[in-house]
Amino acid sequence: MKDRGGKGTERSVDERYSQWKSLVPVLYDWLANHNLVWPSLSCRWGPQLEQATYKNRQRLYLSEQTDGSVPNTLVIANCEVVKPRVAAAEHISQFNEEARSPFVKKNKTIIHPGEVNRIRELPQNSKIVATHTDSPDVLIWDVEAQPNRHPVLGATESRPDLVLTGHKDNAEFALAMSPTEPFVLSGGKDKSVILWSIQDYISTLGVEQGSAKSPGSSGANTKHAESPSIGPRGIYQGHGNTVEDVQFCPSSAQEFCSVGDDSCLILWDARTGSAPAVKVEKAHTADIHCVDWNPHDVNLILTGSADNTIHMFDRRNLTSGGVGSPTHTFEGHNAAVLCVQWSPDKSSVFGSSAEDGLLNVWDYEKIGKRQDSVGSRTSNYPPGLFFRHAGHRDKVVDFHWNASDPWTIVSVSDDGESTGGGGTLQIWRMIDLIYRPEEEVLAELDKFKSHILTCEKKSE
């Protein structure tokens, strides 16, 4: 947990934020800022609902982590995503930090049994969502079929469509769904990684929900009363401490990886048994919080750690002398890294977010390339870093690239008392001049230059 005690720290965060806000019209194509009354520990894009001339409408999954005065909830929101080069620069920077965004509207509320620590959507059918809470179970929700609930104190919890059992202790964070098959992966305090197939239930989820009793009609207090449950397809043991994150190989539901508080990265192959396929000891020098597998290049895996760094591993060459041998270490955070994710738009680009309140965007192809043409100031930046989103003022607990709208990111921070508590949700897209090929950008700017010169001549 980041120290928020010192006045100096608060001032520097405020200074950084003020500087960032003044640069919003220059750095961003679009930005929406949405104040959350209660923090959300996860944010995920759901299905795109419609495309219009200037904006697209898309589902967004959030949660409300409350103090118990009202129930914890899973929130299904509708988000208006403004298309590139539509928003006026002066408009996107004129937002009030305390206000809700007109671009984000709550569509449905599910009363969640316990707080929502993580949300993951099924890539093939993103209306199917898995959640982790402070329990050993994974909960599966068909969010379209679930009834909308009014979250008041004492309200009956919503009933999950499916409960995945098998953990022997709480499984709070590590959660993934396969892009190739309806498989779910989870890790927990029992040091286990567990795999389930929800294939048989996908087709019946809607039907079962349709016959469910209306919310509140049952007086049952039993957790997940009446919800069907299924046991594991496989249990995988090899970690020496809590498993913090898991991820499927993008090309195979039988291959996956996990990281944990034992500083290990483990690769698994369900076809060869339940023992680790490869175990990378000392993949970092501290707890590992997050992992992601490159969807464009299945040899590349990212890990983010409490040692403040991100490591990129090549699975063909994972270790050297018995310990982890990353192909590159990315150093651009000064606190624990909480989330890493490869971009769906460019194979060498990824984002990382941390307890320092920053969301960094990196391109490993930029490492080692001379950047003289851009000017010498870039030498102050860590190799590979090309964009720093400083719109959050406290730890950025989750973010998600949008697969439907290129270069668009949703990010969420859990805000401390220094910034008024609650949370901040931001949906943003950096200006395309930052990531497009340099020669293309220069050519476009050259056109502007000649246009401006023409206008000047006409006005003389």
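The values are calculated or read from the model by the stated rules, or taken from the named source; none is laboratory data. Nothing here was measured: the structure is a model prediction, and the numbers come from that model. Here Cβ is always computed from backbone atoms with ideal geometry, including for glycine, and neighbour counts include all displayed protein chains. For accessibility, only protein heavy atoms count, side chains too; no ligands or nucleic acids. Shrake-Rupley method; radii C 1.70, N 1.55, O 1.52, S 1.80 Å.
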Which of the residues belonging to the range 230-247 are under 12 Å from G188 (Cα atoms), open to solvent by 20 Å² or more (accessible area, probe 1.4 Å) and assigned to a loop (DSSP other than H, G, I, E, B)?
-> G240, N241, T242
Which of the strands (runs of 3 or more DSSP E) contained wholly in the range 29-99 include at least 3 residues that are at negative phi and open to solvent by 20 Å² or more (accessible area, probe 1.4 Å)?
-> 44-51, 55-64
Matching residues, the range 378-418, being in contact with a helix residue (DSSP H, G or I) (Cβ under 8 Å, 6 or more places away or on another chain) and not in a strand (DSSP E or B) = P383, G384, A390, G391, R393, D394, S418
Just checking, how many residues over the range 110-143 are in contact (Cβ under 8 Å) with a residue 60 or more places away in the chain, outside any strand (DSSP E or B) and under 19 Å from A403 (Cβ atoms)?
-> 1
Look at L175 and say whether it is touching a His at 6+ places or on another chain (Cβ under 6 Å) and either open to solvent by less than 20 Å² (accessible area, probe 1.4 Å) or closer than 15 Å to P71 by Cβ (or both).
-> yes
Pick out the one residue from E355, E331 that is open to solvent by 10 Å² or more (accessible area, probe 1.4 Å), closer than 26 Å to S42 by Cα and touching a residue at least 60 places away in the same chain (Cβ under 8 Å).
-> E355
Which number in (1) within 22 Å of the chain's Cα centre (by Cα); (2) assigned to a loop (DSSP other than H, G, I, E, B) marks the one condition that V184 misses?
-> (2)
So how many residues does the range 115-137 have that are among the small types (G, A, S) and within 20 Å of G188 (Cβ to Cβ)?
-> 2
Answer yes or no as to whether T66 is within 30 Å of E181 (Cα to Cα) and of a type in the set (V, I, T).
-> no
Out of curiosity, is S343 in contact with a helix residue (DSSP H, G or I) (Cβ under 8 Å, 6 or more places away or on another chain) and either crowded, with 18+ Cβ neighbours inside 10 Å or free of Cβ contacts under 8 Å to residues at least 40 places away in the same chain (or both)?
-> no
What residue, of W407, W428, W401, is within 19 Å of A87 (Cα to Cα) and touching a Gly at 6+ places or on another chain (Cβ under 8 Å)?
-> W428
Hey, could you check the range 319-328 for residues that are open to solvent by less than 50 Å² (accessible area, probe 1.4 Å) and assigned to a loop (DSSP other than H, G, I, E, B) and say which is farthest from E281 (Cα to Cα)?
-> P326
Would you check which residues across the range 248-292 are open to solvent by 10 Å² or more (accessible area, probe 1.4 Å), assigned to a strand (DSSP E or B) and either closer than 24 Å to N117 by Cβ or not hydrophobic (A, V, I, L, M, F, W, C) (or both) and list them?
-> S252, Q254, E255, D269, K279, H289, D292
All positions within the range 139-170 that are aliphatic (A, V, I, L, M) and within 24 Å of S192 (Cα to Cα) | L139, I140, L162, V163, L164
Identify, from the list S93, S69, the residue that is closer than 21 Å to M430 by Cα, modelled with pLDDT under 95 and not hydrophobic (A, V, I, L, M, F, W, C).
-> S93
Is it true that some residue in the range 296-318 is modelled with pLDDT of 95 or more, of a type in the set (A, V, I, L, M), open to solvent by 50 Å² or more (accessible area, probe 1.4 Å) and part of a loop (DSSP other than H, G, I, E, B)?
-> no
So, of the residues in the range 147-172 that are of a type in the set (S, T, N, Q) and within 25 Å of F248 (Cβ to Cβ), which turns out to be surrounded by the most Cβ atoms within 10 Å (Cβ to Cβ)?
-> N170
